[in-house]
1. Out of the residues in the stretch 277-305 that are of a type in the set (Val, Ile, Thr) and surrounded by 14 or more Cβ atoms within 10 Å (Cβ to Cβ), which is farthest from Leu348 (Cα to Cα)?
2. Looking at His187 and the list (1) of a type outside the set (A, V, I, L, M); (2) touching a residue at least 60 places away in the same chain (Cβ under 8 Å); (3) closer than 21 Å to Tyr285 by Cα; (4) in a loop (DSSP other than H, G, I, E, B), which single condition is not satisfied?
3. Return only the number of the condition from (1) farther than 18 Å from Ser196 by Cβ; (2) out of contact with any strand residue (DSSP E or B) (no Cβ under 9 Å at 6 or more places or on another chain) that Phe150 does not satisfy.
4. Within the set of pairs 6 or more residues apart or between chains, which connect a residue that is in contact (Cβ under 8 Å) with a residue 24 or more places away in the chain inside the stretch 66-93 to a residue that is exposed (fewer than 14 other Cβ atoms within 10 Å of the Cβ) and not in a loop (DSSP other than H, G, I, E, B) with Cβ atoms less than 7 Å apart?
5. Tally the residues that are at pLDDT 80 or above and either within 21 Å of Ser115 (Cα to Cα) or in a loop (DSSP other than H, G, I, E, B) (or both), restricting the search to the stretch 200-212.
Amino acid sequence: MLGTTKSVILMTLTISSFLFTISEQYSNCSPINPMNITNCKRLITLGAEFGWNIHSNNQIDILFSIKISGDQRAKWLAWGVNPDPHRPKMVGTRAIIGISQPNGTLAVRKYNITSDTRLGCRLQPSQDFDDVIVKTMKGYVQADKYMSIFATLILPPDPAAYNISKLNHVWQVGFEADDVHLEPKMHSTALQNVDSTETLNLTSARGISIGHRRHHLRKVHGILNIVGWGTLLPLGVIIARYYRRYPFHCQKWDVLHISCQIVGYSLGTAGWAIGLWLGHASRHYSFPTHRILAMFIFAFTTLQMLALRLRPTSSDDYRKYWDMYHHFLGYALLAVISVNIFNGIAILKPDKTWLWAYIGVLSVFAFIALGMEIFTWAKFIFTSRKNRAPTAAVSADNNAEAPQAWQGPGPQSEGPGPQSEGPQANKTRIAN
């Protein structure tokens, strides 16, 4: 049991490391570099990239880029600095926004983001900022691959508000804009849009933000749930269904089944607990469907795990009813788990590799289950026909011998009667 559990844990760690590799494999910046930018990093959300040059403690060049998606092309992109001494946020940001034009170019302007903007008021270009000086602004669109804005900023001599070793910067992408009046419309309120803030040390390229921590916790939450609920629990069900007695008999099927369920339940519960914390810490948005399904999954998987102690014995009268309930609830949980994992991926909006990786896992399980079912029924039909053949032969032999064994009315008949042939009948037969 211990060795099997270790094997399951090792397999789990392998899958987890693979998913972490998937989530981090696109960490390098794009080759776009129109102004000889020497520093570059990929930002944690929206597929954005940020590059910069440092000329002095208060003068920097910045280059902000996003990839152009074929599904839905962005109408505007924005980057800005925020003087708030505590944390970066949207309100108060001195933003540089590039708005896509019908001729394929970008019109770049300066904008002051105020509390009115957050309420949905019109956002119009500003003449100048009160503190930050913008010397140069340019927009680039490269071969339908990237949209970029470049600018040179002179920061005021206020280390508490603007410091290149602790610079609060904000970025955003939107899909609606008035290209005539250069007014960007409201962006999406998805997680990636809400988390698009960071406190960045330009000298070391290290960024720290609440959104950054939550971003990684969401990844951990998703990986634990995909591996625990979405991979190990279905694997345990397949082992119990096809290796218990029929079509294959494995003496250690119960050890494998229980090991998969215990490890899967432990990982899933850890991911569920992280999800609870994320939901409590995220006051500005909620996902009730995802939360309700997660509660359902945790409650009923816990009930399933109680079978380790509360399962009735094979001699109990109600054991067959318990088996029916246990199997039905297990299959129902697998369906709900799949739905909630897809819902979580839609909320997180990670790289599409996550989605295709989980679809691949489900496809493998579906292929295995379908193949096992076909083999099971084929083996059952073949075995039934094979067992039916000797039975049919015995029945045919019995039918062939039946007339010889039954001689009709004769001396063996018991009791007198009209069909009984007694001594008088024998005398008559002799006389004749």
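The values are calculated or read from the model by the stated rules, or taken from the named source; none is laboratory data. All values reported here derive from a predicted model rather than from experimental measurement. For neighbour counting, all protein chains shown are included, and Cβ atoms are generated from backbone atoms with ideal geometry for every residue, glycine included.
1. Thr301
2. Looking at each condition in turn, His187 falls short on (2).
3. Of everything listed in (1) farther than 18 Å from Ser196 by Cβ; (2) out of contact with any strand residue (DSSP E or B) (no Cβ under 9 Å at 6 or more places or on another chain), Phe150 misses just condition (2).
4. Listed pairs, sorted by first residue: Met90/Arg118; Val91/Ser115; Val91/Arg118.
5. 3
Here is a yes/no grid of residues against (1) free of Cβ contacts under 8 Å to residues at least 24 places away in the same chain; (2) of a type in the set (A, V, I, L, M, F, W, C); (3) part of a strand (DSSP E or B); (4) on the phi < 0 side of the Ramachandran plot:
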position	(1), (2), (3), (4)
Ile164	no, yes, no, yes
Trp171	no, yes, yes, yes
His181	no, no, no, yes
Asn193	no, no, no, yes
Arg214	no, no, no, yes
Lys219	no, no, no, yes
Asn225	no, no, no, yes
Leu233	no, yes, no, yes
Ala240	yes, yes, no, yes
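Here is a yes/no grid of residues against (1) of a type in the set (S, T, N, Q); (2) part of a helix (DSSP H, G or I); (3) assigned by TED's automatic domain parsing to the domain that holds Leu233:
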| position | (1), (2), (3) |
| --- | --- |
| Asp254 | no, yes, yes |
| Gln261 | yes, yes, yes |
| Gly264 | no, yes, yes |
| Trp272 | no, yes, yes |
| Asp317 | no, no, yes |
| His326 | no, yes, yes |
| Gly330 | no, yes, yes |
| Trp356 | no, yes, yes |
